[in-house]
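The values are calculated or read from the model by the stated rules, or taken from the named source; none is laboratory data. From a predicted model like this one, the values you see are computed outputs, not experimental measurements. When we count neighbours, we look across all protein chains shown, and the Cβ atoms used for this are built from the backbone with ideal geometry, even at glycine.
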Amino acid sequence: MMKKLVFVSRRCNHHQKAISDEFVKIYGDDYTYVAMLPFFSGEPIPGVRDLNYEPYVLRAYESPEAMSEARRLIDEAECVLVGGRPVSDVGSRLLKGKLTFMYSERFFKGPLWKDAVRFVKYCRYSGGRSQARDPHSKFYLLCASAFAAWDYNTCGLFRGKTYRWGYFPEAKIYDDIDGFMSRKKKGRILWAARYLALKHPELAVKLAANLRDMGLSFTLRITGSGVMEKELHSLIESHGLNDYVSLNTGRAVQHEEMRAEMEKSQIFLFTSDRGEGWGVVLNESMNSCCAVVAGEKIGAAPYLIDDGRNGLLFRDRDIDDLTLKVSGLLREPERMNHLGHNAYETVTGEWSPRNAAERFATLSEALRDSDAVSLWEDGPCSVAPVM
């Protein structure tokens, strides 16, 4: 049976499950998620559910017959959405001029020499190259980064054919937002991610030292795990911040625990540089009614944050600007609450999995009869500007 929509990716994960559930509501049995790889790369993790066993998932890796069925569905479907996979997976349907979307983060993430290599690679783009360059083909780019359109356009690809997209984790609905926010710990700041150089957890520690020296009342929780753990511990010790900063050490943090930390915190720090392709913690912290202060080069930040309305952007890796933004929130709790409330409205409304799925269905239908359309000013599936 020909499907209306086939979503092709490596595996079904929590970034894709919520929107897949919404696609099922729209398309029913006419939707299939093709998982090309097993959910676990090694042994199963106790307590972690294998999302490849959702009822709409075809596990192409299980047998030659399953892979053959996957290839047939991809080739015949009315519309295919592909991400995290070689374009050759959809090469046959591209040659037939069938409607196909590729979703992608940016690929110019630095350093300069790596960007130069990627520039050459994408200018020579082999999979679907002619279709990506052809303004009249039915091959489009869904940008899972505010900077993806620029990266691809710079290489001559998808010009005039880019739309805003992203990752869409579950959007929790809270019955009493004001009550929920009133239970947050006053002055509590959260930083949550892996302790990696591109995520710059050291900025959170330096911020804490500045806030302490300004005499402000706060606590900072740094939660995660990674190679910078010892460096962070030493930095906290050297600045004498043990009374202000708590650092998770020695273990990985489960997703549910991280969300619980967000729900208790008033401010969320997102300090990554341009190496952060999207950053799902931004969706999740906004969903948790946090006042988010995020780096301007993070892939999701310019899409999700309307600076000053539902969050704040700070200049890339600029500790002075970060300190200015966070200290201002601590001094103005009403503004902090205003940003947190608007953040929640953003990710449960315009940037929710439901709205993204509904807009995608509308966009894909419109593009059957047109080379390019502009249906919304902002949000998922609106035209992605070249930034």
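Residue 163 meets the conditions (1) part of a strand (DSSP E or B); (2) farther than 30 Å from residue 95 by Cβ in every case but one. The failed one is (2). Within segment 16-53, if we keep just the residues that are touching a residue at least 60 places away in the same chain (Cβ under 8 Å) and among the hydrophobic types (A, V, I, L, M, F, W, C), the residue that is farthest from residue 74 (Cα to Cα) turns out to be 18. Of the residues 347, 293, 326, 281, which is at pLDDT 95 or above, touching a Gly at 6+ places or on another chain (Cβ under 9 Å) and closer than 23 Å to residue 185 by Cβ? Answer to the selection: 293. Across segment 49-95, the number of residues qualifying as at positive phi and of a type in the set (Lys, Arg) comes to 0.
Tell me, which residue of segment 44-89 that is assigned to a loop (DSSP other than H, G, I, E, B) and either of a type in the set (Asp, Glu) or farther than 23 Å from residue 14 by Cβ (or both) is farthest from the chain's Cα centre (by Cα)? Filtering first and then ranking leaves 63. Of all residues in segment 245-292, those being among the basic types (Lys, Arg) and either more than 25 Å from residue 48 (Cα to Cα) or in contact with a Pro (Cβ under 6 Å, 6 or more places away or on another chain) (or both) number 1.
Scanning segment 275-295 for residues that are buried (at least 24 other Cβ atoms within 10 Å of the Cβ) and part of a helix (DSSP H, G or I) yields a count of 6.
Suppose the filter is over 21 Å from residue 16 (Cα atoms), at pLDDT 95 or above and under 21 Å from the mean Cα position of the chain (by Cα); does residue 376 pass it? Taking the combined requirement at face value, the residue satisfies it.
Any idea how many residues of segment 244-273 are in a strand (DSSP E or B) and exposed (fewer than 14 other Cβ atoms within 10 Å of the Cβ)? Can you show your working first?
Just the residues of segment 244-273 that are in a strand (DSSP E or B), to begin with: 245-247, 267-270.
Subset that is exposed (fewer than 14 other Cβ atoms within 10 Å of the Cβ): none.
Looking only at that region, the number is 0.
When residue 184 is tested against (1) surrounded by fewer than 17 Cβ atoms within 10 Å (Cβ to Cβ); (2) in contact (Cβ under 8 Å) with a residue 12 or more places away in the chain; (3) part of a loop (DSSP other than H, G, I, E, B); (4) out of contact with any Phe, Trp or Tyr (no Cβ under 8 Å at 6 or more places or on another chain), only condition (1) is not met.
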